[in-house]
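**Q** Below: one structure in structure tokens.
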Amino acid sequence: MKLREKNIINKGEDLDALIYFTDGFGPPTKKPFWHKKIIWALISDEEMTFGKNLHIPVKSLYSGFTEDFF
């Protein structure tokens, strides 16, 4: 685990919320004692086992962009 993640887990009581952007396919993380403050912004249909799951449709992220942009 990276140092900044360890610091976040150790100091979770100071957070109002943590929004974690992910595809949901990484290794599972330990459930911190402040797990109710976590919002998972997922670009897949995966479900995280704690916190709130917010699914973001990937196709909607690309609407409005032209092929020249990529």
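**Q** I'd like the Karplus ³J(HN,Hα) series for the range 36-51: coefficients 6.51, -1.76, 1.60, θ = phi - 60°, whole numbers in Hz, and an x wherever there's a Gly or Pro.
**A** 6, 8, 8, 10, 8, 8, 9, 9, 10, 8, 4, 10, 7, 7, 8, x
**Q** Still on this structure, please answer the following. How much accessible surface area, in Å² rounded to 10, belongs to the heavy atoms of residue 34 with a 1.4 Å probe?
**A** Counting only protein heavy atoms, the figure is 10 Å².
**Q** Sort 23, 14 by accessible area with a 1.4 Å probe, largest first. Mind dumping the intermediate values first?
**A** Values: 23 65, 14 115 Å².
So the residues, ranked largest to smallest area, are 14, 23.
**Q** Under 5 Å between amide H atoms, partner at least 5 residues away or on a different chain: which partners does residue 39 have, H built in plane at 1.01 Å?
**A** 18, 19, 20, 52
**Q** Using a 1.4 angstrom probe and counting only protein chains, how large is the accessible area of residue 54 in Å², to 10?
**A** 90 Å²
The values are calculated or read from the model by the stated rules, or taken from the named source; none is laboratory data. Bear in mind that the values here come from a model prediction, so they are computed numbers and not experimental data. The protein model used for the area step is the full one, side chains on, heavy atoms only, and it has no ligands, DNA or RNA in it. Shrake-Rupley method; radii C 1.70, N 1.55, O 1.52, S 1.80 Å.
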